[in-house]
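These notes concern the structure reproduced below.
No lab work stands behind these numbers, since they all come straight from the coordinates. This one's a predicted model, so the numbers in the text were calculated from it and none came from an experiment. Backbone-built Cβ (ideal geometry, glycine too); neighbour counts: all protein chains shown.
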Amino acid sequence: MLQLNPFIVIFTAVVAVASVSARRCGDSGRDYFCGKKLNQIHIVMTHNSLSHKGGAARNQNYDLVRQFKDGVRGFNLDLYDPDRSDTELWTKHGAGLQSYNPTDQIKKLVAELNKNENRDEVIVIQVQNGKYPNVQRLDRPRGVDSLTNLFGTLLIQDKDAYLDNNSLDLAIHLNERVYLTTDQEGYTSKHFFKSGDVIGENGWDWNNCRRTIESNRDEMPIDCRDYPSGIKCKRTNNGDKPILLMNSFCGRAKFANRKCGILGNAERFKNSGNFEGNADNWPNIIMVDRYHYGGSSVFGAQDCLRRNAVGRDDCKVCGKFDWDPTY
């Protein structure tokens, strides 16, 4: 029998531990999330991220991996635990092409996150479900287990750690880089958290969105208190340290995704007075449809927020109809 030298075994173990602990956030060459908490980041989230296959119900033009490669770091997934035996997850939006098993797409996104060049990237996922009365929500163990098992050890395990005390450096060091939330009750034991506990946002319902046949539809006005037709605003149970999410997809994407319009919405969101106590009330997450419309405008707005430059010459703010096409 081969005898191993105990010194060699111990030395090898020490070297292995040291090599893990020596890894620093940003070693991949990307350091945006380093030194920040979840309520200090500024990212783009796509609305109905899985609805990209064509037809009237499409919200995006590209699949999850293409969205990630383009710079999207937030994903809104319409997911259900289907009443059928051949799959454990189902996505649905409208009808037809948008109804399918999304498991392969989510697996490909996980594989992308696991690449060395993406080792310092963090994503936020919001599962929106239960909007269709005739479809079972994602609330049975089969569907919840299937989703959480897909992300496995990539899931951030502590609901509040990266809001209250720690920067994302620790999460990245632990290789916990997926913050998974749901608009239903959370499953904390599976690291699947209730969105309302950690995210503050303007509501899903667009009662104030005057959809008309005009060529230029209104953008989403964000003032949650004073706008005549009202907006449902959510506060979080986390109180003074929420992640702030701004839904900015009212009307046509080519109009709504203009950089100055997004920044105008962000400014109104900041000044709405509904999220007192957050660091500066600028939205941490901008949720959009068809992010590629308007060229680089969506990511240009993200950059302005990241640089704290909203309102400057290259980060102009505009209202519903008065945008400068160059912005």
Jot down the radius of gyration and Dmax of region 57-118, Cα atoms only, both in angstrom.
12.8, 39
What spacing in nm lies between the two simple spin-label points modelled at ASN149 and ASP164, each 7 Å away from Cα in the Cβ direction?
3.2 nm
For the pair ASN61 and THR87, the simple spin-label estimate (label points 7 Å beyond Cα toward Cβ) gives in nm 2.5 nm
Which far-off residues, 5 or more places away or on another chain, put their amide H under 5 Å from the one on SER99, with H placed in the peptide plane?
HIS93
Could you tell me the center-to-center distance, by alpha carbons, between region 144-190 and region 55-96 in angstrom?
20 Å
Report the label-to-label distance for ARG306 and ASP280 in nanometres (one decimal), using points 7 Å from each Cα along the Cα→Cβ vector.
1.4 nm
